[in-house]
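Okay, so here's the structure we're looking at.
The values are calculated or read from the model by the stated rules, or taken from the named source; none is laboratory data. Predicted model only: the values in this text are computed from it and were never measured. When we count neighbours, we look across all protein chains shown, and the Cβ atoms used for this are built from the backbone with ideal geometry, even at glycine.
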Amino acid sequence: MNNQVKEKIISFLQDQVSQAPFRTKAYVFDDEGKRNPTRNVFVRLKMYEKNFQQGQSEIRWLVITGLRGAGKTTLLAQLYNQTNTLNINKLFLSVDQVTQTFGVSLKDVLGAYEELLGTSFERLTEPVFIFLDEAQYDKNWAGLLKTIYDRSKKVFMVVTGSSALSLQSNPDVERRTIYEKLYPMSFTEYLKIKEGKFEEKGLSIRLKDIIFSSTTAAEVYKKLKNEETAARKYWLGVDRMEINKYIEYGTLPFMVALKNEALIYDQIKKTLDRVISVDMAQISQFTPDVLNSVHMLLYIMSGSDKLSINSLTKSMQITRPTLINILVTLEKTEMVTRIYPYGSHIVQVRKPSKYLFTSPAFRSMYFNFIGSIQDKIIAKGKLWEDVVGLYFARIFQGRKNVAITYDSSEGGADFILKFPEDSIAVEVGSGEKSFKQLYQTMKMPKIRCRYGLNISMSPLRLSDDQDKVNVPLSYFLLI
């Protein structure tokens, strides 16, 4: 890097340091100057930063990954804004802007930042905070930041990027970092961001424990009945139409402020286009023709959750290895979540997997913006299945002893949560729901169900045989 380029970068960094408080303000405050509510994960991330400031923790490198549009940039801006230190000692930088504007590496930029600080990272006497957005735009980000981590205990780094970011890491890096996956929003996060309505304290934890850790369905019913007052208190004054808005597009935080549905779905489509053209292209070397076929595949998936690989290869006129590579890459970008059939490894290979959209907003976009002949009741049911799958991913993340599967037999349950000793069968419906499909799954001796759960609009109810319970969506959404 010649001196002329270096001077331009230093001048750019000076502008970033001076303008970052203003540029991040839009993410942190609303139009009236009130601080926007934060996502639930913010409290934990802020704790790491506070502990570092107080010299109580060695945790000083955070990596935030997640689906494009899940709110990573907003979270990073909020962390930047609430980090109390001299402006020059904290840097907020969008890596894609640097690499595209100057054509230089992140290493060159951070080297120039040392010159701006007036000292090397090794010689720092005061803490320095580096906030990097879209780090995956520099393929060497992990090795570079590992070097900085090892060079100085005075540098605290927060890095965001697409879900592919973790794929560029390695075990040596992972030993030094705390990885946080940012999921699309829960319903209570949605209302907190949109309306400023906060959760009932402790209710979410209690509901999770009741629904998934009880010993019998009767116990689930009895304990949920005891939470009826707390649940009603939360719903007091909430327009039930917000539920429909949430499942259709409210899981993506950047959609909350938009009012025009046509504009909302146009923005969702643009986000999807970026996932395909940028994120998928970074992970796998697809030809333009293959990338163009991804929209067709996702459109097909939006109307049918179970996929026949053989049928798709014929209808899409692509090879089986290419199709499998596309599906694997869609998983890596977290656009879709693969749900395996319940059973042995042989069963899981032979039977079709079910693919859910990580955010139902993308399935909704295909139904409402592009158009679909899918029956509206069936379409809504699929959106609810996406929501429940999202909640399961959030609840059971990192728990290797829980497998999220489904019953592949005709008319079987939508989900089977497999624990070490037993399982819980789960059926999802957007309207009234009977216990028929749960009964079919639970009578199979190989599954060993502790109890069954219907998650639907039906009221709280225990089945006559007392081994199944209907959990109203008004309870489930508060988890």
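Can you find a residue that is aromatic (Phe, Trp, Tyr), within 28 Å of Asp30 (Cβ to Cβ) and modelled with pLDDT under 95 anywhere in the stretch 218-241?
No, because not a single residue in the stretch 218-241 is aromatic (Phe, Trp, Tyr), within 28 Å of Asp30 (Cβ to Cβ) and modelled with pLDDT under 95.
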Return yes or no: is Leu191 without any contact (Cβ under 8 Å) to a residue 60 or more places away in the chain and buried (at least 20 other Cβ atoms within 10 Å of the Cβ)? yes
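For the stretch 13-46, name all the residues that are within 21 Å of the chain's Cα centre (by Cα), in a helix (DSSP H, G or I) and either of a type outside the set (Lys, Arg) or more than 17 Å from Phe92 (Cβ to Cβ) (or both).
Keep residues of the stretch 13-46 that are within 21 Å of the chain's Cα centre (by Cα), which gives 27-28, 36-46.
Filter once more, so that each one left must be in a helix (DSSP H, G or I): 27-28, 41-46.
Selection gives Tyr27, Val28, Val41, Phe42, Val43, Arg44, Leu45.
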Does at least one position in the stretch 126-139 carry a residue that is without any contact (Cβ under 8 Å) to a residue 12 or more places away in the chain, farther than 20 Å from Ala281 by Cα and surrounded by 15 or more Cβ atoms within 10 Å (Cβ to Cβ)? no
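Taking the conditions exactly as written (modelled with pLDDT under 95, of a type in the set (Val, Ile, Thr) and closer than 24 Å to Lys153 by Cβ), does Thr125 satisfy them or not? Step through it out loud before you land on a result.
Details: modelled with pLDDT under 95: yes; of a type in the set (Val, Ile, Thr): yes; closer than 24 Å to Lys153 by Cβ: yes.
Criteria met by Thr125.
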Boolean, Ala217 is among the small types (Gly, Ala, Ser), in the same structural domain as Leu383 (by TED's automatic domain parsing), surrounded by 14 or more Cβ atoms within 10 Å (Cβ to Cβ) and over 19 Å from Gly202 (Cα atoms): yes
Which one of these does Glu334 not meet: (1) under 24 Å from the mean Cα position of the chain (by Cα); (2) among the charged types (D, E, K, R); (3) assigned to a helix (DSSP H, G or I)? (3)
Based on this model, can you work out whether Phe156 counts as within 30 Å of Gln56 (Cβ to Cβ) and outside the structural domain of Glu331 (by TED's automatic domain parsing)? yes
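Please pick out the residue among Val173, Val109, Val155, Val104 that is buried (at least 22 other Cβ atoms within 10 Å of the Cβ) and on the phi < 0 side of the Ramachandran plot. I'd like the intermediate steps shown before the answer.
Numbers: Val173 fails: buried (at least 22 other Cβ atoms within 10 Å of the Cβ); Val155 fails: buried (at least 22 other Cβ atoms within 10 Å of the Cβ); Val104 fails: buried (at least 22 other Cβ atoms within 10 Å of the Cβ).
Only one candidate qualifies: Val109.
Working only within the stretch 230-255, note down all residues that are outside any helix (DSSP H, G or I), hydrophobic (A, V, I, L, M, F, W, C) and farther than 29 Å from Leu291 by Cα.
Initial filter on the stretch 230-255 (outside any helix (DSSP H, G or I)): 236-240, 251-252.
Those still in the list that are hydrophobic (A, V, I, L, M, F, W, C) too: 236, 238, 252.
Correct list: Leu236, Val238.
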Can Gln78 be described as buried (at least 19 other Cβ atoms within 10 Å of the Cβ), under 21 Å from Phe198 (Cα atoms) and not aliphatic (A, V, I, L, M)? yes
